[in-house]
Structure formats: structure tokens, C-alpha cells
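Student: Here it is: the structure, laid out below.
No value in this document is a laboratory result; all are computed from the given coordinates. These numbers come from a predicted model, not from an experiment. We place every Cβ from the backbone using ideal geometry, glycine too, and count neighbours over all the protein chains shown.
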């Protein structure tokens, strides 16, 4: 059994050692520097992916797809014509990171390209942060998509993981033509009904 005086001496010694250890070992860990992902001078919103660019002709597209090992393009078997809108659609499977790729052409020029990526090979966050590092923050962000835009181009990353490039000039023109056609159809319908 410890004597009362020895206990007080032990307690005082332990307190002194403890205070000394705290004083000499006290230090602060600096907070990690939080740098924004977006660059100060982001690159222009892209109009091309690898060797495939918006605005290219069908023959150029077929040549680019055939020469790119990321796609298993089968030639004309992957090309179809959409008579309703007089458009051409190219759909091909991809290898590794790209599961499927879709290309829409109107008046012989590519205006939409869409790449469905393989989520087993690459994740949404990696693609999203890569875009921010190159092109800055998206102009719109929602749970379903992130969008980067310029005057002529719209690029989006859609969930689960599709990257889509759109030629805005062509797309907006087609949208206006579609609205005009719908308005004409409504007018014809109203005129027909007025005949009764």
C-alpha cells in the first residue's frame, strides 16, 4: 500500500510530466490548401472528340471511325437513313471506355455525337472533374446533367454516363423548322375544321 505522502508526490510528478509533454508536443496541423478545380483561363468548349468533329461529312466520319481503335465500326451496316427528317444516323459499338456511340447528321454534316461510356471502366466523377479542369465550371448543373456551352457548341455529361456534343447553330435551326412545321399543321387543321 502506498503512503499518503508518496501518492501526492507521485501525482505531482505525473502532472508535471504530463504538462511538460503537452507543452513540448503541442502543434497544429495546417489545413490542406483548397484549390479550385477550374482553371483561371479555361479552354474553349470542345467541338471534337479524338478525330471526330461536329460539322464533318459522312465519309469523313466513316473514315475517322474506321481508323480509331476505340470503336468497332462495321462500315455501312452501322449507317441508317431517317427519311422523316432526312437525317443520317450512325450507331456503333465501342471498345473499352465507350459502350456505344451515336452520330446524327443533317444535310450531310455531323451535328450531334453521343458517347455512352462503360461505367465499369470509368466513373462519372472522373469525367466530370476532367471537364472542370479543362473547360471550367459548367453553365448548368443538375442531378441529371452538367452542361458546358459556347455560342456554337453545347457539351453535356448526362447520368448515368453519357457525353453528348451538339452543334447549337444547326440544332436551333432544326428546332425552329420543327416549330414552324407544327404551326403550319395546326393552321391546316384549324382551316379544315372551319370548313364544316
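Student: Using a 10 Å cut-off around each Cβ, can you sort 130, 144 from fewest to most neighbouring Cβ atoms? Mind dumping the intermediate values first?
Tutor: Details: 130 13, 144 9.
Ranking 130, 144 by Cβ neighbours within 10 Å, fewest first, gives 144, 130.
Student: For the residues 54, 141, what sequence is obtained by ranking on other C-beta atoms within 10 Å, fewest first?
Tutor: Working: 54 23, 141 12.
Sorted ascending by nearby Cβ count, the order is 141, 54.
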